[in-house]
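S.K.: What follows is a single structure, and I will ask about it in a moment.
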Amino acid sequence: MASDKQLACTASVGERQKAWFGELRRAVFEERRPYAIVNADTPHDLFHVMDVPVVTNQWWAAVIAAKRLSHEYLDGLNAMGFHEDLCRYCSIGMASSLIDLGERTPWGGLPQASLFCARLTCDCMQRVFQQWADHMGAPFVALEAPGSAVLPANWWELSRHRWAELCEPERLDLAVTELRALIVELERLSGRTWSDDALRAFLGRVNQQEECFEEARTLIAQAPRCPVRIGEQITNVMATQWHRGSEWALNHARRFRDEVRERVQAGVAACPGERKRLMWIGAGMWHDTGFYSAFEESHGAVFTWSMYLPFGPDWYIRYGLDDPLRALASRVVTMNEVLHNPPYAPAWMVREAQANRIDGAVVLMPTGCRPAASGTLFITAALERAGIPTHLIESDMVDGRRWNREAAHAGVARFIEERLG
Amino acid sequence: MSSSRIDAYEPLRGAYHDRLAAARAAHAQGAPVIGYVGNTVPVELIVAAGGVPVRIAPEGGSTAIADRYVETVSDLDLRWIFDAYCRGNLDLLRLLVVPRSTETQHKLYLSLREAQRIGLASPADGRPPLWLYDLPHTQRPTSAAYGLERTRALWEALAQACGTACDEARLREAIALMNRQRAAVARLQALRDGGSVSGHEALVAIGALRFLPPAEGVQRLEEWLAAGGPTPRSDGPRLLLRGVPAEHDRLHALVESLGAVIVAEDGDWGSREGAACADMPEGLLATVAHHHASTVPCVRRHPADDSWFEQQLRRADIDAVLFHLPPPDDVHGWSYPSGRARAEAAGKPSLRLRTDTRDAEATRPAIADFLATLRR
C-alpha cells in the first residue's frame with residue numbers, strides 16, 4: 001500500500017497480520033493445531049465458528065506479491081512444466097508450497113494444512129487445489145458453483161432482507177447440503193460440535209462489522225473530498241474480512257469507521273489537491289499498490305473507490321437469520337459471479353460510480369486470470385453508457401513480470417488529461 | 001479412397017464443414033431445431049422431444065460485435081457464438097441450450113443474457129431463447145441428484161419448445177438411437193486401433209454426427225463404414241492427442257501431411273464419442289444424466305478420471321503423445337506435467353503444442369521436428 005499511511009488504524013493491521021500468522025505457525029508446529037487453506041469465496045464463517053483457522057489463498061498470494069517474490073514462484077511453476085498462460089492469482093499459493101525459497105520464504109512459509117476448500121468456480125480450481133492438497137497429504141473439499149438463470153441486476157436491493165430471491169431455491173438447497181457436509185469435516189477436524197445458534201450469533205457479528213463499513217463507505221462517498229485512499233480502505237477492510245466475526249475484526253471495523261468519520265468532520269482529504277475522483281475496478285494489483293496514489297501530485301486524481309469496502313455491506317449483510325445456514329448459503333453460492341459478471345457487476349459499478357461522484361474509472365483487465373477478466377467489457381460499456389469514462393489496464397493481480405509501470409502510468413495520465421478534462 | 005468410399009464420406013465431410021446446413025434445411029421444413037453448446041447436453045432429450053439437435057460449434061465467423069463486449073482472452077468459439085447470436089445467425093433455433101460444463105460455456109450464457117438485457121440481442125427481434133443446463137460434474141450423490149433434477153427440467157423445457165410432451169417411450173427410442181450412433185463410432189475406432197487408417201477422416205466423420213439429424217448421421221456413418229471407412233495410410237508414427245479439444249480438423253490434417261496419424265483423442269471430439277450410455281437402475285432420465293455428468297469427457301469432472309488416458313498409454317501401437325495446449329488454455333495445462341510424466345513412464349515421447357493449431361504453418365515446424373525424433 002502507499003508508504004505514507006494516513007490512518008492510525010492502518011499501521012496496526014500489518015503487524016497484526018504478521019503476528020497472527022506467526023502464532024498460527026507456532027500452533028501448527030508445536031500443538032499440531034489443524035488449519036485450512038481456503039479460497040476467498042468459500043464460507044470462512046463455518047471455519048471460524050468451529051475455531052479452525054483459515055489461510056485465504058488470495059490473501060497469501062497478495063503477501064507473496066507485496067514481498068516481490070511472485071516472479072520466483074511463477075518462474076518455478078513454469079520450470080515444472082506449468083505453462084505461462086495458466087492462472088497465477090489462485091495458484092501462486094500452491095507454488096509457494098512446491099518451491100522452496102529458503103530464508104526468503106514469506107514469513108517462514110505455509111505450514112502443513114489439514115484441509116483444503118474451494119468452490120469449483122473456474123475449471124482450473126480443482127486441478128490447482130487437488131495438486132496442492134495432494135502435496136500436503138490433506139483432503140480437499142470441493143464446493144459446487146452451480147449456475148443460475150435467476151440474474152437480478154439490482155442484487156443489492158435483495159441481498160440484505162430478500163436474500164432467498166437471489167437465486168433458485170434448488171441452488172440454495174444444494175449449497176446448504178454441501179455446507180452441512182463441510183460442517184461434518186470441520187467437526188472431525190476440530191473435535192467440536194456444530195451449533196446453528198453459534199452460526200446465527202456469528203453472522204450477527206458479521207452484520208455489525210459490515211454495518212460499520214456501510215457507515216464508512218457512505219461517509220467517504222458523501223465527503224466533499226475523499227478522506228481515505230483506496231489502499232488504506234483495502235488494507236483495513238480485508239484484514240477484518242479474513243477474520244470476520246471475531247472480536248478483533250468488529251473492533252477494528254469500528255475503529256476504521258470512527259477514524260474515517262473524524263477525518264470527514266475535520267475536512268481532512270487524502271489528497272488535498274483533489275481535482276478528479278477515480279474508481280479502481282477489479283481485484284487489487286498487489287504487486288504495485290503504490291500505483292493507486294501515483295496520480296495525486298501530478299493530476300490531483302485520487303482513487304476514492306474500489307470494490308473491497310462497499311462489497312462487504314452490500315453482499316455480506318444478511319438479516320433474517322432464522323435459518324442461518326441458508327442465509328450463509330445465499331452469500332456463498334453466487335459470490336464470485338456477483339463480483340465480476342453481468343448483470344450483477346455492471347449494474348453495481350454504475351450505481352457506485354454515481355453514488356461516489358466518480359469522474360473516471362480505471363479498469364483492470366487481468367489477463368492472467370480469465371474468469372476475473374470475463375465480464376470486464378460489459379462493465380466498461382455500462383459505465384460509458386452512464387457517462388463515466390473508462391480506461392483499461394492489462395495486468396495480473398500478482399504477476400508483475402510483464403508489468404510496464406511507465407507505460408501504464410502514461411496511459412492513465414493521458415486518460416485523465418484527455419477524457420476527464 | 002474408392003469411389004464408393006468417397007461417395008459415402010462426402011455427406012459427412014460436407015456436414016462437418018457446413019455445420020448449420022442440415023439445421024437450416026430442417027428449419028425450412030418447419031422442424032423445431034434445438035441448438036446446444038458443448039458435449040454434455042443430452043441429445044437424447046432433444047430427439048425424444050421431437051427436436052432436431054445441432055451442436056453450435058463454429059469453425060469461424062465474425063467477432064466485430066463480440067470484440068466490444070467479450071474479452072479477447074476468451075475462447076474464440078465463445079466469441080464466434082456470441083457474435084452469431086447477436087447478428088441473428090442462430091435465429092433458426094427454437095431454443096439454445098448452454099450447459100454449465102465449462103467456464104467458457106457459463107460465461108457464454110451470462111454474456112448472452114446480458115446482451116438480451118441491454119437490448120443488443122432481444123428475443124423480441126427473433127433471437128432464440130436460452131436455457132442454462134446446470135449439470136454438475138462432481139462425482140457425489142448430492143451433485144448427481146441436483147443434476148438429475150436439472151435434466152428433468154431441461155427435458156420439460158425441450159418438450160415445451162417443441163410443442164410435445166415428455167414421453168418415456170420416445171426417450172427410450174432416442175437413447176437406443178444415440179447408442180447405435182455410439183456403437184458405430186466404436187466400430188470406427190476399432191478400425192483406427194487395428195490398422196493404419198486416416199485419423200483425419202475419422203475425426204471429421206465423428207464430428208459430423210453433431211451437425212446431422214441423429215438418424216441420418218448414424219445412417220451416413222454406417223454406410224461409410226460398410227464402404228470401407230477411413231482411407232488406409234502407409235505406416236507412420238501413431239499419436240495420441242490429449243488436452244484442449246480440437247474443434248477443427250486442421251491439426252489432424254497437418255499430422256497426416258507429415259506422415260503420421262492421430263489414432264485417438266482424449267476429449268470432446270473423436271474417439272471418446274463411442275462410449276456407450278449404460279443403463280442406470282434409476283431409470284431412463286438417470287441414465288442420460290449420469291452419462292453426461294460422469295462418462296463423457298469434461299474438464300469439470302471431479303475427481304478427474306484419467307483411466308481412458310492411462311489405458312491408451314498402455315497400448316504398444318501408440319508411439320507418442322501430443323499435448324494440445326493452444327492459447328488461451330488456462331485449464332488443461334495444469335494436467336500437463338503429470339500427463340507428461342505418465343507418458344514418460346509408459347515409454348512414450350511427447351510434444352507440448354502451444355501454438356494455435358488452426359494455423360498449420362505456425363504449427364508445422366514443431367510437429368515435423370518431433371516426428372523426426374520418432375523416426376530415428
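The values are calculated or read from the model by the stated rules, or taken from the named source; none is laboratory data. What you see is a predicted model; the values in this text were computed from it and never measured. All Cβ positions, even for glycine, are placed from backbone atoms using ideal geometry, and neighbour counts span all protein chains on display. Just the protein is used for accessible areas: all its heavy atoms, side chains included, with ligands, DNA and RNA removed. Shrake-Rupley method; radii C 1.70, N 1.55, O 1.52, S 1.80 Å.
S.K.: Considering only residues that are part of a loop (DSSP other than H, G, I, E, B) and in contact (Cβ under 8 Å) with a residue 60 or more places away in the chain, which ones fall in the stretch A:98-110? Walk me through how you get there before you give the answer.
M.R.: Of the stretch A:98-110, the ones part of a loop (DSSP other than H, G, I, E, B) are A:99-101, A:105, A:109-110.
Residue satisfying the conditions is A:110 alone.
S.K.: Separate question: Take the conditions surrounded by 19 or more Cβ atoms within 10 Å (Cβ to Cβ), in contact (Cβ under 8 Å) with a residue 24 or more places away in the chain, farther than 20 Å from residue A:20 by Cα and touching a strand residue (DSSP E or B) at 6+ places or on another chain (Cβ under 9 Å) and apply them to residue A:226. Does it pass?
M.R.: Yes; evaluated as a whole, the condition is true for this residue.
S.K.: Of the residues in the stretch B:79-103, how many are in a helix (DSSP H, G or I) and either more than 9 Å from chain A (Cβ to nearest Cβ) or farther than 28 Å from residue B:153 by Cα (or both)? Steps first, answer last, please.
M.R.: Kept after step one, since they are in a helix (DSSP H, G or I), are these residues of the stretch B:79-103: B:79-87, B:103.
From the residues that got through so far, the ones that are either more than 9 Å from chain A (Cβ to nearest Cβ) or farther than 28 Å from residue B:153 by Cα (or both) too are B:79-87.
Selection size over the stretch B:79-103: 9.
S.K.: Determine whether residue A:171 is farther than 17 Å from residue A:341 by Cα and facing another protein chain (nearest Cβ under 10 Å). Break it down into steps so the answer makes sense when it comes.
M.R.: Numbers: farther than 17 Å from residue A:341 by Cα: yes; facing another protein chain (nearest Cβ under 10 Å): yes.
For residue A:171, the condition - farther than 17 Å from residue A:341 by Cα and facing another protein chain (nearest Cβ under 10 Å) - is met.
S.K.: Considering only the stretch A:357-368, state which residues are over 21 Å from residue A:413 (Cα atoms) and either away from chain B (no Cβ under 14 Å) or open to solvent by 10 Å² or more (accessible area, probe 1.4 Å) (or both).
M.R.: If we filter the stretch A:357-368 for residues that are over 21 Å from residue A:413 (Cα atoms), which is where we start, we get A:367-368.
If the condition is that a residue be over 21 Å from residue A:413 (Cα atoms) and either away from chain B (no Cβ under 14 Å) or open to solvent by 10 Å² or more (accessible area, probe 1.4 Å) (or both), then A:367 is the only one that fits.
S.K.: Run residue A:306 past the list (1) surrounded by fewer than 21 Cβ atoms within 10 Å (Cβ to Cβ); (2) modelled with pLDDT of 95 or more and report the number of the one that doesn't hold.
M.R.: (1)
S.K.: Taking only the stretch A:111-142 into account, find how many residues are within 13 Å of another protein chain (Cβ to nearest Cβ), in a helix (DSSP H, G or I) and either open to solvent by 10 Å² or more (accessible area, probe 1.4 Å) or free of Cβ contacts under 8 Å to residues at least 60 places away in the same chain (or both).
M.R.: Within the stretch A:111-142, residues that are within 13 Å of another protein chain (Cβ to nearest Cβ), in a helix (DSSP H, G or I) and either open to solvent by 10 Å² or more (accessible area, probe 1.4 Å) or free of Cβ contacts under 8 Å to residues at least 60 places away in the same chain (or both) number 8.
S.K.: Oh, and also: Which members of the stretch A:250-269 meet the condition of being among the small types (Gly, Ala, Ser) and either exposed (fewer than 15 other Cβ atoms within 10 Å of the Cβ) or farther than 15 Å from residue A:222 by Cβ (or both)?
M.R.: Step one: list which residues in the stretch A:250-269 are among the small types (Gly, Ala, Ser), which gives A:253, A:266-267, A:269.
A:253, A:266, A:267, listed by residue number.
S.K.: Another one. Residues in the stretch B:226-253 that are out of contact with any Gly (no Cβ under 9 Å at 6 or more places or on another chain), open to solvent by less than 10 Å² (accessible area, probe 1.4 Å) and not in a loop (DSSP other than H, G, I, E, B): how many?
M.R.: 2
S.K.: Hey, another quick one. Under 30 Å from residue A:371 (Cα atoms) and modelled with pLDDT under 95: does that describe residue A:294? Walk me through how you get there before you give the answer.
M.R.: On the way: under 30 Å from residue A:371 (Cα atoms): yes; modelled with pLDDT under 95: no.
No: the conditions fail for residue A:294.
S.K.: So which residues in the stretch A:317-339 are over 12 Å from the mean Cα position of the chain (by Cα), assigned to a helix (DSSP H, G or I) and within 25 Å of residue A:232 (Cβ to Cβ), if there are any at all?
M.R.: Applying the first criterion (over 12 Å from the mean Cα position of the chain (by Cα)) to the stretch A:317-339 yields A:317-334, A:337-338.
If we keep only those that are assigned to a helix (DSSP H, G or I) as well, we get A:324-332, A:337-338.
Answer for the stretch A:317-339, where residues must be over 12 Å from the mean Cα position of the chain (by Cα), assigned to a helix (DSSP H, G or I) and within 25 Å of residue A:232 (Cβ to Cβ): just A:338.
S.K.: Checking residue A:253 against (1) assigned to a helix (DSSP H, G or I); (2) within 12 Å of the chain's Cα centre (by Cα): exactly one of these is not met. Which one?
M.R.: It fails just one condition, (2).
S.K.: Let me confirm something: among A:150, A:176, which residue is under 26 Å from residue A:313 (Cβ atoms), assigned to a loop (DSSP other than H, G, I, E, B), among the aliphatic types (A, V, I, L, M) and within 14 Å of chain B (Cβ to nearest Cβ)? If you could, list the steps in order and put the result at the bottom.
M.R.: On the way: A:176 fails: assigned to a loop (DSSP other than H, G, I, E, B).
So the residue among A:150, A:176 that is under 26 Å from residue A:313 (Cβ atoms), assigned to a loop (DSSP other than H, G, I, E, B), among the aliphatic types (A, V, I, L, M) and within 14 Å of chain B (Cβ to nearest Cβ) is A:150.
S.K.: Let me ask something else. Out of B:282, B:256, B:201, B:222, report the one residue that is touching a strand residue (DSSP E or B) at 6+ places or on another chain (Cβ under 9 Å) and of a type in the set (Asp, Glu).
M.R.: Numbers: B:282 fails: touching a strand residue (DSSP E or B) at 6+ places or on another chain (Cβ under 9 Å); B:201 fails: touching a strand residue (DSSP E or B) at 6+ places or on another chain (Cβ under 9 Å); B:222 fails: touching a strand residue (DSSP E or B) at 6+ places or on another chain (Cβ under 9 Å).
One residue alone meets the criteria, B:256.
S.K.: I would also like to ask the following. Would you mention how many residues in the stretch A:368-421 are over 19 Å from residue B:69 (Cβ atoms), of a type in the set (A, V, I, L, M) and assigned to a helix (DSSP H, G or I)?
M.R.: The qualifying residues number 6.
S.K.: State all residues of the stretch B:309-358 that are closer than 19 Å to residue B:297 by Cβ, assigned to a strand (DSSP E or B) and either more than 14 Å from chain A (Cβ to nearest Cβ) or open to solvent by 50 Å² or more (accessible area, probe 1.4 Å) (or both); if no residue qualifies, say none.
M.R.: The answer is B:322, and nothing else.
S.K.: What single numbered condition from (1) within 19 Å of the chain's Cα centre (by Cα); (2) under 30 Å from residue A:350 (Cβ atoms); (3) within 12 Å of chain B (Cβ to nearest Cβ); (4) not polar (S, T, N, Q) fails to hold for residue A:155?
M.R.: Among (1) within 19 Å of the chain's Cα centre (by Cα); (2) under 30 Å from residue A:350 (Cβ atoms); (3) within 12 Å of chain B (Cβ to nearest Cβ); (4) not polar (S, T, N, Q), residue A:155 violates only (3).
S.K.: Output the residues belonging to the stretch A:262-302 that are of a type in the set (D, E, K, R) and out of contact with any Leu (no Cβ under 6 Å at 6 or more places or on another chain). Please lay out each step first, then the result.
M.R.: Step one: filter the stretch A:262-302 for residues of a type in the set (D, E, K, R), giving A:262-263, A:274-277, A:288, A:296-297.
Answer for the stretch A:262-302, where residues must be of a type in the set (D, E, K, R) and out of contact with any Leu (no Cβ under 6 Å at 6 or more places or on another chain): A:262, A:263, A:274, A:275, A:277, A:288, A:296, A:297.
S.K.: On to the next question. Name the residues in the stretch A:59-93 that are open to solvent by less than 10 Å² (accessible area, probe 1.4 Å), touching a strand residue (DSSP E or B) at 6+ places or on another chain (Cβ under 9 Å) and among the hydrophobic types (A, V, I, L, M, F, W, C), would you?
M.R.: Listed by number, the list holds a single entry, A:60.
S.K.: Now for a different question. Given the conditions (1) buried (at least 23 other Cβ atoms within 10 Å of the Cβ); (2) away from chain B (no Cβ under 14 Å); (3) closer than 30 Å to residue A:195 by Cβ, which single one is not true for residue A:333?
M.R.: (2)
S.K.: Something else about it: If I ask for residues that are within 12 Å of another protein chain (Cβ to nearest Cβ) and not in a loop (DSSP other than H, G, I, E, B), which ones from the stretch A:77-94 would you list?
M.R.: Listed by number, the residues that qualify are A:77, A:78, A:79, A:94.
S.K.: Any idea which of A:286, A:315 is out of contact with any Pro (no Cβ under 6 Å at 6 or more places or on another chain) and at pLDDT below 95?
M.R.: Details: A:315 fails: at pLDDT below 95.
Selected residue: A:286, the only one of A:286, A:315 that is out of contact with any Pro (no Cβ under 6 Å at 6 or more places or on another chain) and at pLDDT below 95.
S.K.: If you scan the stretch B:111-153, which residues turn out to be open to solvent by 50 Å² or more (accessible area, probe 1.4 Å), facing another protein chain (nearest Cβ under 9 Å) and within 23 Å of the chain's Cα centre (by Cα)?
M.R.: B:131
S.K.: Can you confirm whether residue B:262 is open to solvent by less than 10 Å² (accessible area, probe 1.4 Å), at pLDDT 95 or above and not in a loop (DSSP other than H, G, I, E, B)?
M.R.: Numbers: open to solvent by less than 10 Å² (accessible area, probe 1.4 Å): yes; at pLDDT 95 or above: yes; not in a loop (DSSP other than H, G, I, E, B): yes.
Taking the combined requirement at face value, the residue satisfies it.
S.K.: Taking residue A:217, is it basic (Lys, Arg) and either touching a Phe, Trp or Tyr at 6+ places or on another chain (Cβ under 8 Å) or closer than 20 Å to residue A:307 by Cα (or both)? First the steps, then the outcome.
M.R.: Numbers: basic (Lys, Arg): yes; either touching a Phe, Trp or Tyr at 6+ places or on another chain (Cβ under 8 Å) or closer than 20 Å to residue A:307 by Cα (or both): yes.
Judged against the criteria, residue A:217 is a match.
S.K.: Taking the stretch A:14-51, which residues are more than 14 Å from residue A:239 (Cα to Cα) and surrounded by fewer than 15 Cβ atoms within 10 Å (Cβ to Cβ)? Give the derivation first.
M.R.: Step one: list which residues in the stretch A:14-51 are more than 14 Å from residue A:239 (Cα to Cα), which gives A:22-39, A:41-43, A:45-51.
Result: A:22, A:23, A:26, A:29, A:30, A:31, A:32, A:51.
S.K.: Among B:47, B:70, B:52, which is among the hydrophobic types (A, V, I, L, M, F, W, C) and within 25 Å of residue A:148 (Cα to Cα)? Talk me through it step by step, then tell me what you get.
M.R.: On the way: B:47 fails: within 25 Å of residue A:148 (Cα to Cα); B:52 fails: within 25 Å of residue A:148 (Cα to Cα).
Step by step, each of B:47, B:70, B:52 is checked, and only B:70 is among the hydrophobic types (A, V, I, L, M, F, W, C) and within 25 Å of residue A:148 (Cα to Cα).
S.K.: Can you work out which of the residues in the stretch B:184-225 that are basic (Lys, Arg) and in a helix (DSSP H, G or I) is least open to solvent (accessible area, probe 1.4 Å)? Let's see the steps before the verdict.
M.R.: Restricting attention to the stretch B:184-225, the residues satisfying the condition of being basic (Lys, Arg) are B:187, B:192, B:210, B:220.
Going one step further and asking which of them are in a helix (DSSP H, G or I), we end up with B:187, B:192, B:220.
On the way: B:187: 117, B:192: 4, B:220: 78 Å².
Selected residue: B:192.
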